[in-house]
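The next block holds one structure in the form of structure tokens; read it before the comments.
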Amino acid sequence: MKKTAGIIAEYNPIHRGHQYHIQQTRLLTQADYIIVVVAMSGDYVQRGTPAVFDKYHRTRMALLSGADLVVELPVCYATASAEYFALGGIWTLDSLGIVTDLCFGSESGDLASLLALAKLLSHEPEDYQTLLRACLKKGVSFPVARREALLSYINTYPDLPKSQWNKLLESPNNILGIEYLKALNRLHSSIHPHTVLRDGACYHETQLPDSSIFTSASALRRALADSAPFKQLAPYLPSDCRTYFQQILASGELLWTDDFSLLLHMRLIQENADSLTCYVDVTPELANRIENRKTEYRSFSQFTELLKTKELTHTRIQRALLHILLGITELSFPPYIRLLGVRKESRELLSLIQKHSSVPVCAGTGRALRDLPASSYGLIRQQLYPSELYQSVLSHKINAPYVPEHSRPLIVL
């Protein structure tokens, strides 16, 4: 079997830094192919919002930027916390049966240190758990409590000075990388990990840097939200994507969190404090807070800010509200993997996947409904509904015909 590398990504939206990651993955792994898992169920992302462009546009741009194949991460994992986002991504790559290597970006570029932290967190010694419980009692958010507990636990850890551990644990791509490594262990995967040193603007940077520097997706989204002209965005985009990107902007095919405000409000009106707790990430405390402040609802983003507390981060609340909107009540692996796009010269991958995958891989949802047993239909519908909702909102916004999910063909470039 040929060596095949996997990348777990959102591309929300894609930029030159992502293309650099694909190029470096080829160099690091010496792989024949790069498989990119578009981690959004195509249409929703890990921070608990809709993607700016739909999964079909982002699939095409991933292929234009050097990916050979794009498959879809299950929506319940794509919109989950870092631990489960990583688990869903690794499960998807591992289930394809042909992925030999994983390559993820990190601020440290230090795989050995990330592996050490992943090993520690995979087993969670009792002393660490005690420290974590003590930190959580202070009323801080879980990410903050975990970082404080880890730093306290490894204060005398022999491998690195505490200051270096602290830097590792406060960087988002390092944290996600640790979760990828934990997931590889948890699933007993034979996939071999690599990391690419993240270059350019930091993950949370919201301003476009000098055009010679890689930007962040956050900065691109901010520029898009501010209606920045295309010529201002073009230097940060992969050259082969620029024309297509410009076409999408001209058509107005962008969605934002508040485009879903009325739909979320409708769902919240139908729920109460007891029923809300059935949704992923909605604790009884958050359910009561939502119920008590429901009459103050004005928009998705405004309600998120209203609900935020010291213990509950903005992103955690966004994810919870999105799960309510999409009806996500559990984290479970779907009965199939959705194939979104492939390059013509890489179509050999399709036959390899059909031969080696541990779950069916379908190029269209219509085929999944035909070929899978009736007992799987509920799980299939859980995957379909979020995408159909996204396309319904988009078609209404741009006054275009609605195209159902089962009518979408495989993208081939």
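The values are calculated or read from the model by the stated rules, or taken from the named source; none is laboratory data. Everything numeric here is computed off the predicted structure, so don't read it as measured data. Note that each Cβ is placed from the backbone with ideal geometry, even for glycine, and that neighbours are counted across all protein chains shown. Accessible surface is based on the protein model in full, side chains and every heavy atom, while ligands, DNA and RNA are left aside. Shrake-Rupley method; radii C 1.70, N 1.55, O 1.52, S 1.80 Å.
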TODO: At 1.4 Å probe size, with no ligands or nucleic acids counted, give the accessible surface of Ser171 in Å², nearest ten.
DONE: 20
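Quick one: putting +1 on the C-beta of Lys and Arg, -1 on the C-beta of Asp and Glu, what dipole do you get for the chain around its Cα centre, in Debye to the nearest 20?
On the way: 42 positive and 40 negative charges, 72 e Å.
So the dipole magnitude of the chain works out to roughly 340 debye.
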TODO: Compute the accessible area per residue over the chain, keeping the other protein chains in place, probe 1.4 Å, unit Å².
DONE: 43
TODO: Quick one: which residues, 5 or more positions from Val361 or on another chain, have an amide H under 5 Å from its amide H? H modelled 1.01 Å from N in the peptide plane, none for Pro or chain starts.
DONE: Ile337
Open item on the list: Can you find, among Asn174, Gln164, His192, the residue sitting farthest towards the positive end of the charge dipole of the stretch 162-303, where Lys and Arg contribute +1 and Asp and Glu -1 at Cβ?
Closed with: Gln164
- [ ] Please list the equivalent ellipsoid semi-axes of the stretch 76-128, computed as the square roots of five times the alpha-carbon gyration tensor eigenvalues, in descending order and whole angstrom.
- [x] 22, 16, 12
Task: Whole-number D in µm²/s for the stretch 1-104 (Stokes-Einstein; Kirkwood sum over Cα pairs; 25 °C, 0.890 mPa s) - done: 184
Open item on the list: As a test question: what accessible area, to the nearest 10 Å², does Lys138 have when a 1.4 Å probe is rolled over all protein chains in place?
Closed with: 130
Task: Solvent-accessible ranking of Thr130, Thr243, largest area first, probe 1.4 Å - done: Thr243, Thr130
- [ ] Select from Tyr180, Tyr336, Tyr297 the residue whose mean-square fluctuation is largest in a Gaussian network model of the chain (Cα-Cα springs shorter than 10 Å).
- [x] Tyr297
- [ ] Please find the FRET efficiency linking Thr329 to Asn166, where r is the Cβ-Cβ separation and R0 is fixed at 56 Å, and quote it to the nearest 0.05.
- [x] 0.90
Open item on the list: Could you report the accessible area of Glu330 in Å², rounded to 10, computed with a 1.4 Å probe on the protein chains as they sit in the structure?
Closed with: 90
- [ ] May I ask you to rank Arg222, Arg60 by accessible area, largest first, using a 1.4 Å probe over the protein chains only?
- [x] Arg222, Arg60
- [ ] Search the structure for amide H atoms under 5 Å from the amide H of Val45, placed 1.01 Å from N in the peptide plane, and list their residues when 5 or more places away or on another chain.
- [x] Ala51
Task: Theoretical ellipticity at 222 nm over the chain - DSSP helices of four or more residues, -39500 (n - 2.57) apiece, nearest 500 - done: -15000 deg cm²/dmol
Task: Cβ-based charge dipole, the chain, positive-most Cα from Leu114, Pro74, Phe142 - done: Pro74
Open item on the list: Report the Cα centroid-to-centroid distance between the stretch 178-199 and the stretch 216-280 in angstrom, as an integer.
Closed with: 29
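Sorting Cys278, Cys241 by accessible area (1.4 Å probe), largest first, what list results? Please report the intermediate quantities before stating the final value.
Numbers: Cys278 65, Cys241 0 Å².
If we order Cys278, Cys241 from most to least accessible, we get Cys278, Cys241.
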Task: Size of the chain as Cα extents on the principal axes (Å, biggest first) - done: 55, 54, 51
Task: the chain - percent of accessible surface contributed by carbon and sulfur, probe 1.4 Å - done: 50
